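Take a look at the structure below.
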Amino acid sequence: MTDRFNLNLANPLLSNLGNLMQRLAPALRQDNVPLDLISLIKTILAATKEISFRVSQGHLGDVMGSTLDENIQGEVQKQLDVVANELFKDILLESGFVKAISSEEEDHSVAGDENGKYIVSFDPLDGSSNIDINSLIGTIFSIHEAPKDMAAGDDDMFKQSGNKQVCAGYVLYGPSTMLVMTTGSGTHFYVLDRTHGGFLLVERNVQVPVDTNEFAINMSNQRFWQAPMQNYIADLIAGDTGPREKNFNMRWIAAMVGDIHRVLCRGGIFTYPADSKKPEQPYKLRLMYEANPMAFLLEQAGGLAMTSQGRIMDIEPESIHQRVEVIMGSKNEVEKCLSYYK
Ligand code: AHG
Ligand code: MN
Ligand code: MN
């Protein structure tokens with residue numbers, strides 16, 4: 001029997017791990033991704049590698065704790081929210097590849113190069129409440145082509161539906177740093193190999209199982225949900241003695257990146273439904289840099305990404321920080337949930 005703790009680094013299978021797996025750029029060329037989009041993706045990833053390093057330094061990296069500021073959405077900004085945002089902004093705006101960027105942490109879009117072919121929306125740090133407890137956090141990004149007839153810095157440039165994304169992805173700063181990305185030819189998993197400093201393809205064409213017995217929702221909001229979601233969740237919790245006749249498990253990471261990553265790995269339903277907690281704000285998650293990129297990744301992996309009214313990626317955005325209801329994950333389970341709204 002092999003001792004699984006006795007890693008023999010002389011073993012060619014382990015020492016050559018990097019050689020066996022495809023690097024990012026050749027993997028993207030195989031999917032016929034245009035060269036300037038590959039360059040933009042590499043620029044984004046340069047920023048995430050820097051964030052990954054700083055996150056791994058924890059208290060030693062001087063990025064913990066809160067700032068004294070709030071973002072435009074009234075949320076207290078953590079140091080790392082600000083640091084990650086500045087890193088992204090600087091590196092993207094200097095690159096010449098982007099006409100403008102839009103970030104959770106910026107009130108308005110920021111102009112880049114007038115000749116830039118793309119625009120990027122991003123959540124520099126998703127799961128901010130996990131920063132100070134050394135738990136899962138990530139970065140989410142969404143890329144569209146830049147409209148030629150608008151000036152850089154015009155927020156209207158970003159009012160394009162999720163259907164028009166040319167690339168979407170997230171980087172998860174977990175026990176390993178992972179990139180999950182799609183350019184419309186399937187959803188692929190990559191891992192940051194710290195020995196050579198690049199991302200290596202570890203799983204091509206991830207598929208979300210169509211059925212599941214796992215759900216993710218913030219149960220503390222239960223009394224604020226609408227009746228259909230109350231009824232759906234009540235039936236899940238009733239387990240094998242209820243109408244679903246099977247037991248369900250619940251998970252909530254409080255970072256959409258972590259929850260969606262679990263759904264991509266082993267299936268599940270993830271929802272942040274409409275609630276009446278703050279009547280002026282019925283939804284929590286943001287369309288441009290949370291819901292749309294995750295919707296693209298899930299649909300490319302055979303999953304569904306909906307609101308109770310229709311497909312997330314069909315929504316024509318009205319503003320860059322628009323919030324939206326989210327019901328996404330394993331196909332059959334999302335359809336089951338939506339049937340309660342009919
Ligand atoms: P962010 O940290 O970028 O503000 O996003 C947090 C979001 C999302 O990642 C997560 O699923 C959700 O907020 C958690 O909400 P609760 O605090 O209600 O659990
Ligand atoms: Mn977020
Ligand atoms: Mn964030």
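The table below gives the values:
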| quantity | calculated |
| --- | --- |
| Test: residue in the stretch 105-114 that is touching a residue at least 60 places away in the same chain (Cβ under 8 Å), within 21 Å of A254 (Cα to Cα) and within 14 Å of ligand 2 (Cβ to nearest atom) | no |
| Looking only at the stretch 93-111, and only at residues there that are among the hydroxyl-bearing types (S, T, Y) and not in a strand (DSSP E or B), the one that is farthest from ligand 1 (Cβ to nearest atom) | S95 |
| Set V257, V263: member being touching a residue at least 24 places away in the same chain (Cβ under 8 Å) and within 16 Å of ligand 3 (Cβ to nearest atom) | V257 |
| Neighbours by Cβ (under 8 Å, 6+ apart or cross-chain): first from the stretch 15-36, more than 18 Å from T187 (Cβ to Cβ) and open to solvent by less than 60 Å² (accessible area, probe 1.4 Å); second assigned to a loop (DSSP other than H, G, I, E, B) and at pLDDT below 95 | G18/T195; G18/H196 |
| Test: residue in the stretch 73-80 that is surrounded by 18 or more Cβ atoms within 10 Å (Cβ to Cβ), assigned to a loop (DSSP other than H, G, I, E, B), touching a helix residue (DSSP H, G or I) at 6+ places or on another chain (Cβ under 8 Å) and acidic (D, E) | no |
| Residues that are touching a Gly at 6+ places or on another chain (Cβ under 9 Å) and closer than 20 Å to D81 by Cα, drawn from the stretch 95-119 | A100, I101, H108, S109, V110 |
| Those residues of the stretch 134-179 which are within 16 Å of ligand 3 (Cβ to nearest atom) and surrounded by fewer than 24 Cβ atoms within 10 Å (Cβ to Cβ), in sequence order | S135, L136 |
| Single unsatisfied condition, I320 versus (1) of a type in the set (V, I, T); (2) within 16 Å of ligand 3 (Cβ to nearest atom); (3) closer than 20 Å to N213 by Cα; (4) more than 15 Å from the chain's Cα centre (by Cα) | (3) |
| Hey, F189 of a type in the set (F, W, Y) and either free of Cβ contacts under 8 Å to residues at least 12 places away in the same chain or open to solvent by 50 Å² or more (accessible area, probe 1.4 Å) (or both) or not | no |
| Number of the exception - L201 against (1) assigned to a strand (DSSP E or B); (2) open to solvent by less than 10 Å² (accessible area, probe 1.4 Å) | (2) |
| Evaluation of M219 against (1) touching a residue at least 24 places away in the same chain (Cβ under 8 Å); (2) more than 19 Å from G258 (Cα to Cα) (one fails), failing number | (2) |
| Residue list for the stretch 112-128, filter: more than 13 Å from ligand 1 (Cβ to nearest atom) and assigned to a loop (DSSP other than H, G, I, E, B) | G112, D113, E114, N115, G116, K117 |
| Among (1) more than 16 Å from ligand 3 (Cβ to nearest atom); (2) under 14 Å from the mean Cα position of the chain (by Cα); (3) open to solvent by 20 Å² or more (accessible area, probe 1.4 Å); (4) farther than 18 Å from G162 by Cα - the single one E280 does not satisfy | (2) |
| Number of positions in the stretch 55-72 that are open to solvent by less than 80 Å² (accessible area, probe 1.4 Å) and in contact with a helix residue (DSSP H, G or I) (Cβ under 8 Å, 6 or more places away or on another chain) | 8 |
| Residue ID - nearest to Y289 (Cα to Cα), chosen from residues in the stretch 119-133 that are away from ligand 3 (no atom under 11 Å from the Cβ) and buried (at least 21 other Cβ atoms within 10 Å of the Cβ) | S121 |
| The stretch 81-118, residues that are open to solvent by 10 Å² or more (accessible area, probe 1.4 Å), within 16 Å of ligand 3 (Cβ to nearest atom) and out of contact with any His (no Cβ under 9 Å at 6 or more places or on another chain) | V82, V83, E86, L87, K89, E105, E106 |
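The values are calculated or read from the model by the stated rules, or taken from the named source; none is laboratory data. This structure is a prediction, so every number in the text was calculated from the model and none was measured. Because the Cβ atoms are built from the backbone with ideal geometry, glycine has one as well, and the counts that use them run over all protein chains shown. We work out accessible area using only protein heavy atoms, side chains counted, and drop any ligands, DNA or RNA first. Shrake-Rupley method; radii C 1.70, N 1.55, O 1.52, S 1.80 Å.
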